[in-house]
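Please read the structure below before turning to the comments.
Laboratory data are not the source of any read-out in this text; all were calculated from the coordinates shown. Just so you know, these numbers come straight off a predicted model, no measurement behind them. Glycine gets a Cβ as well: all are built from the backbone with ideal geometry, and neighbour counts include every protein chain shown.
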Amino acid sequence: MKIEKTPLKDCFVLTPNVFYDERGAFCETFNEAAFIKNTGIKTPFIQDNQSTSTRGVLRGLHFQKGEMAQAKLVRAIVGEVLDVVIDIRRDSPTFGKQYSILLSGKNHKQLYVPRGFAHGFITLSPTSTFGYKCDNYYDKSSESGIIYNDATLQIDWHLKEEQLIVSEKDLQLPSFEEATA
């Protein structure tokens, strides 16, 4: 498995070795020992989540606050998504910076999102199945987020505004400035 740093502190791209033969393909999607060796981070994943979406569905930008903050290892199992993260840790040298990556069932790339990051993704293919491992349980009282079209962040979601499908809940999220105050 190849593990690469991103421009954001503590955020990594994982690309597994994929072995193909006449039966199909096999890859190891996570190896704790290799992850610790290459990143110095020990993240005990305790919850797995999965969602399915159609083209244009934008989920995010979400995070959990305080003791219930979550680190995540995310990937597109089927289809293609644009995955976006923002460092919202005030004491981080990359506070307010963002990173995006195309994740797909074909490229097998994954993104490690540390605690203290807002996370979102948009489905670019006709459908997607998106999976993520979390190091903390979901807690409704700790959930928060940032509006996807925040003027400060100016995220390029790769689709036109009229193509986006955003939940009512996500349309009510605060700005970056409000969420990080």
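A few remarks follow.
- Test: residue in the stretch 79-92 that is assigned to a loop (DSSP other than H, G, I, E, B), surrounded by fewer than 16 Cβ atoms within 10 Å (Cβ to Cβ) and of a type in the set (S, T, N, Q): no
- Residue match in the stretch 109-122 (condition: assigned to a loop (DSSP other than H, G, I, E, B), of a type in the set (Phe, Trp, Tyr) and within 18 Å of Phe12 (Cα to Cα)): no
- Output for the stretch 51-78, where each listed residue is closer than 25 Å to Phe35 by Cα and part of a strand (DSSP E or B): Ser51, His62, Phe63, Gln64, Lys72, Leu73, Val74, Arg75, Ala76, Ile77, Val78
- Residues that are crowded, with 17+ Cβ neighbours inside 10 Å, part of a strand (DSSP E or B) and among the β-branched types (Val, Ile, Thr) within the stretch 123-148 comprise just one, Thr123.
- Scanning the stretch 6-17 finds no residues that are part of a loop (DSSP other than H, G, I, E, B) and under 17 Å from Leu124 (Cα atoms).
- Residue in the stretch 2-17 that is buried (at least 16 other Cβ atoms within 10 Å of the Cβ), of a type in the set (Val, Ile, Thr) and over 17 Å from Phe117 (Cα atoms) present: yes
- Of the residues making up the stretch 15-34, those that are within 18 Å of Ile3 (Cβ to Cβ) and of a type in the set (A, V, I, L, M) are Val18, Ala33, Ala34.
- The residues of the stretch 18-34 that are of a type outside the set (D, E, K, R) and either outside any helix (DSSP H, G or I) or touching a residue at least 60 places away in the same chain (Cβ under 8 Å) (or both), listed by number, are Val18, Phe19, Tyr20, Gly24, Ala25, Phe26, Cys27, Thr29, Phe30, Asn31.
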